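Structure, as structure tokens:
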Amino acid sequence: MDRALNALFGGMLGALLENDAAKPSPPSSSPDHPGREAGVNARGLFWEAKRGEAQVYLLGSVHVGFPELYPLRPEIEDAFRETPRLAVEADVTSGTAQMTAALRMFGGWYTDGRTYKDELPADVVQLIEQKKKENPLLQMTVQDTMKPWMVLYMIIGTNYRDIGFDPEYGIDVYFLKKAKEAGKTILELEGVDAQLSIFERFDRETVAFLLREELSKTPQEVKQSLNTIFDYWTKGDARALGAMIDRDNAPPEKKRYVEAMYDQRNRRMAERIDALSKEEKTPLFVIVGAAHLVGQNNVLDDLKAKGFTVTQK
């Protein structure tokens, strides 16, 4: 199930896909999602952190979703309404962020005659070519001159959309739009450029490993993994969600991925949240991928170490 956690680790996928010209219209109804019973009935992954006069709400996001998720339960919506500042990993709805993502995409192509087929192991190339034959959208969007990390992004995004999950309905995007309508202050913990640069720094072996993972599952298995994530999110089951991030039995490539995607970013996010909590006495509403708030070395544990008392709401 680790592969489905791409939907939880950050807003970077949403930023990239906002620039995808081949993006189909989002689904108007998703009756087979577990979210049909979520929304106001879902507990969600929601915490309050306090230290002296500092008050921080933290909501775990799933970065893809569907219309039936909203609105969320009143305790979450009310806390957001009363909080003047919103902090997200990256404001993927801003024109600047989308331009940054677009520019980063241009860096995802080779210009020296190479192709992803030259850079990846033969078995991975074969998996990609087979997937392209099966999916007309991938046939259009995945091009030979793309770098392997860019191919990975396109495949992830297509897999989610094929089963009815869309970044347009991600929890962070939902609250970003509401914050802009209400004139709230929007702050970034990372920014799109910092997020998108992470994949570029992965070595060839790690990207090949991630592609094998992404390409090895059927659409039914992808959907089941995401449905499981939404089920845990709906129940507010942080322990079960954290257990999906398998560290102990992970191969070296996955350990490098976990360290870069979770551990390093979690430390930086906690430091940024700590700093923002000191800048003003007004409450802060934070939305990050739910995977950053569960499991080992998570943001909440780092905040506790900085003196915050953290309570799941």
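The values are calculated or read from the model by the stated rules, or taken from the named source; none is laboratory data. None of the values given here were measured: they were computed from a predicted structure. Here Cβ is always computed from backbone atoms with ideal geometry, including for glycine, and neighbour counts include all displayed protein chains. Note: areas computed on protein heavy atoms with side chains; ligands, DNA, RNA excluded. Shrake-Rupley method; radii C 1.70, N 1.55, O 1.52, S 1.80 Å.
List of remarks:
- The mean accessible area for residues of region 178-217, using a 1.4 Å probe and ignoring ligands and nucleic acids, is 46 Å² per residue.
- Annotation: extensible slack from residue 126 through residue 40 equals 26.5 nm (criterion: 0.36 nm per residue apart, minus Cα-Cα distance).
- Computed from backbone phi, the HN-Hα couplings of region 196-208 come to 5, 6, 5, 5, 4, 8, 5, 6, 4, 5, 5, 5, 4 Hz, rounded to whole numbers (Karplus: 6.51 cos²θ - 1.76 cosθ + 1.60, θ = phi - 60°; Gly and Pro given as x).
- Ordering of 151-160, 41-50 by packing [mean C-beta count within 10 Å, highest first]: 151-160, 41-50
- In order along region 261-277, phi translates into HN-Hα couplings of 7, 10, 4, 5, 5, 4, 4, 5, 5, 4, 5, 5, 4, 4, 5, 5, 5 Hz, rounded to whole numbers, per the Karplus curve 6.51 cos²θ - 1.76 cosθ + 1.60 with θ = phi - 60° and x for Gly and Pro.
- FRET efficiency for residue 228 and residue 111, using Cβ-Cβ distance with R0 set to 41 Å, rounded to 0.05: 0.50
- Net charge dipole, region 113-247: roughly 220 debye, given to the nearest 20, about the Cα centre with Cβ charges of +1 for Lys and Arg and -1 for Asp and Glu.
- FRET efficiency for the residue 178 to residue 220 pair, using the beta carbon distance and R₀ = 22 Å, is estimated at 0.05.
- Per-pair calculated FRET efficiency, R0 = 45 Å: residue 296 and residue 118 via Cβ, rounded to 0.05: 0.75
- Computed over protein heavy atoms with a 1.4 Å probe, the carbon and sulfur contribution to the accessible area of region 120-264 reaches 48%.
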